[in-house]
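The block underneath contains the structure these notes are about, expressed in structure tokens.
The values are calculated or read from the model by the stated rules, or taken from the named source; none is laboratory data. Quantities reported herein were computed from a predicted structural model and do not represent experimental measurements. Every residue, glycine among them, receives a Cβ derived from its backbone with ideal geometry; neighbour counts consider all protein chains shown. The protein model used for the area step is the full one, side chains on, heavy atoms only, and it has no ligands, DNA or RNA in it. Shrake-Rupley method; radii C 1.70, N 1.55, O 1.52, S 1.80 Å.
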Amino acid sequence: MIKVENLTKDYGDRAAIEGLSFEIAKGEIVGFLGPNGAGKTTTMKILTGLMAPSSGSVLIGGVDIFENPVLAKSKIGYLPESPPLYLDMKVSSYLKYVAGLRDVPNSEIDAAVDKALASLNLKDVRARLIGNLSKGFRQRVGIAQAIVSDPEILILDEPTVGLDPKQVAQFRALLNELKGKHTIVISTHILPEVQASCERVIIINNGKIVAKDSLKALSEKSKSGMRRVTFKVQRVKEQIRKDFSSLDFVKMSAFAGNDLHVDVIGGDGSLEELSSRVVSGGLGLLSMDVSSEKLEDVFIEITKSKGGSQ
Amino acid sequence: MKAFLIFKKELRTYLTSPLFYFLAFVFTLFISARFLPSIYKFAETASVPESLGGSSNIHVSVFMVHLNLVYLLMLFLTPLLTMKLLSEEKKDKTIDLLLTAPVTSSSIVVGKFLAVWSVVTLLLVLALLYPLSVGLISTFDYAPLWSSYIGMFLMLGVNCAIGVFASSVTASSLIAAFLGVLMILAVMLVGSMSGTIVHPFWSALVEQLSMVLHIRDFFDGTLETSGFVFFISTLCLFCFLTQRVVESSRWR
């Protein structure tokens, strides 16, 4: 759906991005990660045709965005870093305007606007001026603006900025709804965001791609693949813990008060084995928390080790 | 089609903004204050023979005075109306919406230009009501009146195109307005340089570039092809320049 080849953008003699190449298949949700200033926004601006690259090409559904910008752009919904809102317009008339600009046929505009308002819970503010809305609402109007034309491709630059936790959860639900039908690219530096909704990540640092892979493959590739399991238990029984040592996937185990920490490698089978032992051992299991190798760790490691001039 | 959508949106923005009504108020206040005294004066002097300083030509002694004031006021009002069109979109980054939508930069410019030209024409129609109201109480020759207003309409089109261009080159409305006034003044006054140029070809060329020269023809009641060509081509030139500026934002 999106094919990027050898994309480079120079600002004077400073290269914002250098030789980016990647492909995104139809229906995928891809997280676009990178520290601040890595070139995420620049890349997104080029993908949407807002900016021209110094060299390289972008194909949107087989259409070159610089050869045939109007056709390519009709496939894209874009939420820029700062949502492009006219503060002196009402929410619904703004969305109608955007829908018209994005080729929604006149007869379907009202339905499209209603749908976008409903998916972002904006029905109550439809008649209010955008200028009078709070930041969270404005951000949601921005997202509504991107999805109102039901585009094949959604490009969202930091979509959850300014949303409260409940709204973030709603946004994730919305992404799940859109999954499959739309190809979605989300740029963010909020990692749980990516973990929650993306299937694949592209990590860039200093304008270069340092990793592109599925989340799972990324964590497996990183140094150990070890996971820490913490059981909160009613009773401390040292014997049960000692028995863990005989299991070859257990690297370490220790009690800390009523918390039993176990470091494991291997898949979900080892977790199942552990938890059944804890239960059958009569420890009185209260809760179990698996902190897998966090994306944070992967991210920090990758952006540190490769392509880093710092 | 997209140009029409942008046109509608901009027109609505104008007609729901206090700025437009405020400017319309100031505009009518000024022209009203000037119109009535000149009517009285005309009534007093119309019966006096021309050799003694009287005038029986209402077009010259009332309508032209009125039009000259409209002309002067529009020099400032047009840039005030055009200033936000593109500069504010740049400042608020709403231009991103237009540039990432399947819309050509020509539609953006044409839509915005036509919107402001319509609004300015609305003001011109307000001004036209004054001479027309005189028609209720007396009779006169309407032909020079119509030709003057056709000329004004075209000239304001040029002013709008210049204003939109000024608005496209900066992200500050204030600078856009200031630049607009300067550029309109420059286009208006360039003709007066013709007297200082000795070479006959260049002198004639500069004279033909003068907005004042062409608008005079219209005011005098003559519709000349050269006037139409001058105004329409200047207007297109500035729209084209604006389109290039909008398009160029992609290449930075």
message: Considering only residues that are aliphatic (A, V, I, L, M) and over 18 Å from B:Arg250 (Cα atoms), which ones fall in segment A:5-33?
response: A:Leu20, A:Ile24, A:Ala25, A:Ile29, A:Val30, A:Leu33
- prompt: Name the helices (runs of 4 or more DSSP H) wholly within segment B:146-252 that hold at least 3 residues that are without any contact (Cβ under 8 Å) to a residue 40 or more places away in the chain and open to solvent by less than 10 Å² (accessible area, probe 1.4 Å)?
  reply: none
query: Within segment A:99-115, how many residues turn out to be within 28 Å of the chain's Cα centre (by Cα) and facing chain B (nearest Cβ under 7 Å)?
result: 3
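Let's see how each residue does on (1) in contact with a Cys (Cβ under 9 Å, 6 or more places away or on another chain); (2) over 24 Å from B:Leu5 (Cβ atoms):
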site	(1), (2)
B:Thr82	yes, no
B:Gly135	no, yes
B:Cys160	no, no
B:Ala186	no, yes
- request: Among the numbered conditions (1) more than 11 Å from chain A (Cβ to nearest Cβ); (2) surrounded by 22 or more Cβ atoms within 10 Å (Cβ to Cβ), tell me where B:Ser118 comes up short.
  value: (2)
- prompt: Which of the residues that make up segment A:81-94 are closer than 20 Å to B:Ile108 by Cβ and either more than 9 Å from chain B (Cβ to nearest Cβ) or out of contact with any Gly (no Cβ under 8 Å at 6 or more places or on another chain) (or both)?
  reply: A:Ser82, A:Tyr86, A:Met89, A:Ser93, A:Tyr94
- prompt: Is at least one residue of segment B:75-90 assigned to a helix (DSSP H, G or I), charged (D, E, K, R), open to solvent by 10 Å² or more (accessible area, probe 1.4 Å) and more than 14 Å from chain A (Cβ to nearest Cβ)?
  reply: no
Flag for A:Val233 being in contact with a strand residue (DSSP E or B) (Cβ under 9 Å, 6 or more places away or on another chain), open to solvent by less than 50 Å² (accessible area, probe 1.4 Å) and assigned by TED's automatic domain parsing to the domain that holds A:Ala16: no
task: Test A:Ala15 against the criterion of being farther than 30 Å from B:Leu19 by Cα and outside any loop (DSSP other than H, G, I, E, B), and give yes or no.
output: yes
query: What single numbered condition from (1) in contact with a Phe, Trp or Tyr (Cβ under 9 Å, 6 or more places away or on another chain); (2) surrounded by fewer than 20 Cβ atoms within 10 Å (Cβ to Cβ); (3) more than 13 Å from every other protein chain (Cβ to nearest Cβ) fails to hold for B:Ala127?
result: (2)
message: Condition first: modelled with pLDDT of 90 or more and surrounded by 23 or more Cβ atoms within 10 Å (Cβ to Cβ). Can you find one or more residues in segment A:116-130 that meet it?
response: yes
